[in-house]
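This report refers to the structure that appears directly beneath it.
The values are calculated or read from the model by the stated rules, or taken from the named source; none is laboratory data. Since we're looking at a predicted model, the values are computed, not measured. Backbone-built Cβ (ideal geometry, glycine too); neighbour counts: all protein chains shown. Calculation scope for accessible area: heavy atoms of the full protein, side chains included, ligands and nucleic acids excluded. Shrake-Rupley method; radii C 1.70, N 1.55, O 1.52, S 1.80 Å.
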Amino acid sequence: MSKVLSLLLIIIAASAIAFAQEPTRNSDDPPSTGVAPKVENGVGRADVRVRDENGNPIKDAYVKLESTRTDGFFCESWNNTDARGIAGLLPIHMGNLKLKIKAKGYQSQELEIVFDQLGDPVRVTLKKK
């Protein structure tokens with residue numbers, strides 16, 4: 001009987017540890033759709049999340065990603081954020097990247113980002129004017 005009880009406790013403990021290691025994510029923060037290119041000038045995609053200073057999503061923010069490639073070409077991709085403050089940009093070739101964000105009633109922002117970090121969402125906080 002004690003062997004069965006010991007086995008049961010081991011199973012419960014292992015399940016609790018596995019459950020505790022599961023990443024918690026609420027429905028307001030879906031998985032990233034960003035894709036980091038493997039090499040410079042490779043194709044990637046940005047997932048941009050725009051919020052205000054209180055953490056509220058900003059709808060209809062204009063997000064534009066400009067890429068100046070090392071081979072001399074220029075690429076750009078743009079979109080507006082949805083009700084969750086998320087803008088998934090179309091894939092482009094990634095070189096030196098500049099991200100521009102504008103939203104009515106907020107101060108515009110311009111950021112330089114690194115192409116190999118695009119697997120994670122790019123999180124931007126805008127300040128009210």
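Of note:
- Near pairs, Cβ below 7 angstrom, 6+ apart or cross-chain, from the stretch 101-114 (closer than 12 Å to Lys129 by Cβ and part of a loop (DSSP other than H, G, I, E, B)) to any residue that is open to solvent by less than 50 Å² (accessible area, probe 1.4 Å) and not β-branched (Val, Ile, Thr): Ala103/Ala61; Ala103/Leu126; Gln107/Leu126
- Number of positions in the stretch 69-81 that are in contact with a Leu (Cβ under 9 Å, 6 or more places away or on another chain) and open to solvent by 70 Å² or more (accessible area, probe 1.4 Å): 2
- Residue tally, condition surrounded by fewer than 18 Cβ atoms within 10 Å (Cβ to Cβ) and either among the β-branched types (Val, Ile, Thr) or in a strand (DSSP E or B) (or both), over the stretch 56-65: 3
- Scope the stretch 42-55; condition in contact with a strand residue (DSSP E or B) (Cβ under 9 Å, 6 or more places away or on another chain), open to solvent by 60 Å² or more (accessible area, probe 1.4 Å) and not aliphatic (A, V, I, L, M); matching residues: Arg45, Arg51, Glu53
- The residues of the stretch 66-91 that are in a loop (DSSP other than H, G, I, E, B), farther than 17 Å from Leu111 by Cβ and either of a type in the set (A, V, I, L, M) or touching a residue at least 12 places away in the same chain (Cβ under 8 Å) (or both), listed by number, are Arg69, Thr70, Asp71, Phe73, Asp82, Ala83, Arg84, Leu90, Pro91.
- Answer residue from the stretch 114-129, given it is within 18 Å of the chain's Cα centre (by Cα) and surrounded by fewer than 17 Cβ atoms within 10 Å (Cβ to Cβ) and is nearest to Arg51 (Cα to Cα) among those: Thr125
- The stretch 115-129, residues that are part of a strand (DSSP E or B) and of a type in the set (D, E, K, R): Arg123, Lys128
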